[in-house]
Amino acid sequence: MRRKHRADVIAEAMAAVPRADFLPEEVRYLAQVDQALPIGFAQTNSQPRTVKAMLRLLEVQPGQKVLDVGAGSGWSTSLLAHLVGRHGQVIGVELVPELTQGAAAAVAAHRMPWAEVRQATPGQLGLPQEAPFHRILVSAEAQELPQALVDQLEVGGIMVTPVRGQLLRVVKDAEDITVTRHGPYTFVPLR
């Protein structure tokens, strides 16, 4: 059996996990528009083109353990859950309590019990107590490469994160990391 092309797998995930399910009622009618949409608390649901680019770079595989930093509405957490499948695990973390509650409910509604959204701990990036992770997706912009998250990657792991307006792909090996740049993007600040 031929393996599916990465773009096809991502397209299937986006069809199975509709963006509208994760948007506030007042902007759901815009779900098909390729733009970032407000979800409250000065946060946004990223535009689909950006999410596709990030997922393509992340190269998520079935069965992997993935951390979703800045889960926001929970859409990316659910997309990742679809990609890892029932033998994987996805943990989303979100700093804004009201968004965490909404995202947790939206993720739960998609009935993928291997995915969850948790309240982020102020002043702590990620979930060091749950590390290591095969993949880390960061949907908020840092001013420097977040070393605390690099430390939470397992050897061979990949992180996709925006840093100072550039989307970076970080691959960790036993001795070092390799960082490649993948174009300009705008995100809310990582706090």
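Each value in this text was obtained by applying a stated rule to the coordinates, not by laboratory testing. The structure displayed is predicted, hence computed values, not measured ones. Heads up, the Cβs are rebuilt from the backbone with ideal geometry, glycines too, and the neighbour counts pull from every protein chain shown.
If you go through the stretch 147-185 and keep only what is closer than 25 Å to Asn45 by Cα, free of Cβ contacts under 8 Å to residues at least 60 places away in the same chain and assigned to a loop (DSSP other than H, G, I, E, B), you end up with Arg164, Gly165. Do we find that Ala131 is among the hydrophobic types (A, V, I, L, M, F, W, C), surrounded by 20 or more Cβ atoms within 10 Å (Cβ to Cβ) and more than 25 Å from Tyr185 (Cα to Cα) in this structure? Spelling it out, it is not the case that Ala131 is among the hydrophobic types (A, V, I, L, M, F, W, C), surrounded by 20 or more Cβ atoms within 10 Å (Cβ to Cβ) and more than 25 Å from Tyr185 (Cα to Cα).
You will find that of Ala16, Ala42, Ala11, Ala31, the residue that is in contact (Cβ under 8 Å) with a residue 60 or more places away in the chain, closer than 24 Å to Arg111 by Cα and surrounded by fewer than 18 Cβ atoms within 10 Å (Cβ to Cβ) is Ala16 and no other.
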